[in-house]
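Below is one structure, written out as structure tokens, with a few remarks after it.
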Amino acid sequence: MRWPSFLSAAPSGLLTFVDRLRRRRRRRQQAWQMSCLCAVLLGTSAGAHATSVTPPSFSELVGEAQVIARGVVTGVESRWVDRPQGRIIKTFVTFSIEKTLKGAPDRVVTLEFLGGTVGEDSLRVAGMPTFTVGEPEILFVAANGLQFCPLVRFGHGRYRLRTDAAEHRQYVARDDETPVESTEDVSLPATEHEPAASAPRHADRALSPELFEARITAELTRQQQRLPRQR
């Protein structure tokens, strides 16, 4: 949109108002472009507000992951990224890897997630996990940098390590803060949540990180044994 030439001689107050209109229009254009790009990436309409994900079985969760590891979040940064289809916001989450169960990741790994906030611009993808520096996690990673979410089936590939204040023990919780009492719980539907406001229940019956990792290792062994032997 071109503004009339007479505005060059207009009072400063009017110019400030016009400049605000320009910035507001530019932000709306960027938001619409990001919405359209998300529609392409997610396979939905530009006005969609939810992302449909089929929960995996525990076997599928382990099998689909290229990397399974325990790590601690050391950095979270959102920034603009240029793509052939247009500019988008991505969030880069860095982890210090403490233990690897599958794959061969570096000691420091950065995962790329679609969405985030840069200044006054935000791009939110429903169901996309968010992270906080200092928190320990068990991650099931697949196609990092190639998909809009580098975790198996969105939040189903992220498990928080929480501490039960009453029992003074660590336990495994899902992305929605629900304590994991058995490996069958990974198949439960995901829910939208606010982590700080979510009160975990039955934490005393939840799996410890060590027991959860032992179940993962056992499933990896079972899947490896089912592979045809090379002659």
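Scanning the stretch 136-162 for residues that are polar (S, T, N, Q) and either crowded, with 23+ Cβ neighbours inside 10 Å or touching a helix residue (DSSP H, G or I) at 6+ places or on another chain (Cβ under 9 Å) (or both) yields a single hit, Gln147. Search the stretch 84-108 for residues that are at positive phi and pair each with any residue that is open to solvent by less than 40 Å² (accessible area, probe 1.4 Å) and assigned to a strand (DSSP E or B) when their beta-carbon atoms are under 8 Å apart and the residues are at least 6 apart or on different chains. Sorted first by the residue in the stretch 84-108, then by its partner, the pairs are Gly103/Val67; Gly103/Ile68; Gly103/Ala69; Gly103/Val141.
All conditions but one from (1) closer than 25 Å to Thr110 by Cα; (2) of a type in the set (A, V, I, L, M); (3) at pLDDT below 95 apply to Ala165; the one that does not is (1). The number of residues in the stretch 51-103 being assigned to a helix (DSSP H, G or I) and closer than 26 Å to Arg124 by Cα comes to 2. Mind checking whether some residue in the stretch 126-139 is more than 19 Å from Arg162 (Cα to Cα), part of a loop (DSSP other than H, G, I, E, B), in contact with a Cys (Cβ under 8 Å, 6 or more places away or on another chain) and hydrophobic (A, V, I, L, M, F, W, C)? Yes: the stretch 126-139 contains one or more residues that are more than 19 Å from Arg162 (Cα to Cα), part of a loop (DSSP other than H, G, I, E, B), in contact with a Cys (Cβ under 8 Å, 6 or more places away or on another chain) and hydrophobic (A, V, I, L, M, F, W, C).
Inside the stretch 110-125, residues that are of a type in the set (Asp, Glu), over 11 Å from the mean Cα position of the chain (by Cα) and not in a loop (DSSP other than H, G, I, E, B) make up a count of 1.
If you go through the stretch 93-103 and keep only what is buried (at least 16 other Cβ atoms within 10 Å of the Cβ) and under 30 Å from Val118 (Cα atoms), you end up with Val93, Thr94, Phe95, Ile97.
Against the conditions (1) under 15 Å from Glu210 (Cα atoms); (2) of a type outside the set (Val, Ile, Thr); (3) open to solvent by 60 Å² or more (accessible area, probe 1.4 Å), Leu188 satisfies every one except (1).
One residue is enough: does the stretch 80-93 have a residue meeting the conditions in contact with a Ser or Thr (Cβ under 9 Å, 6 or more places away or on another chain) and either under 22 Å from Phe58 (Cα atoms) or acidic (Asp, Glu) (or both)?
No, the stretch 80-93 contains no residue that is in contact with a Ser or Thr (Cβ under 9 Å, 6 or more places away or on another chain) and either under 22 Å from Phe58 (Cα atoms) or acidic (Asp, Glu) (or both).
The values are calculated or read from the model by the stated rules, or taken from the named source; none is laboratory data. Treat the numbers as computed from the prediction; the structure is a model and nothing was measured. Neighbour counts run over all protein chains shown; Cβ positions are idealised from the backbone, glycine included. Just so you know, the surface numbers come from the protein's heavy atoms only, side chains and all, with ligands and any DNA or RNA stripped out. Shrake-Rupley method; radii C 1.70, N 1.55, O 1.52, S 1.80 Å.
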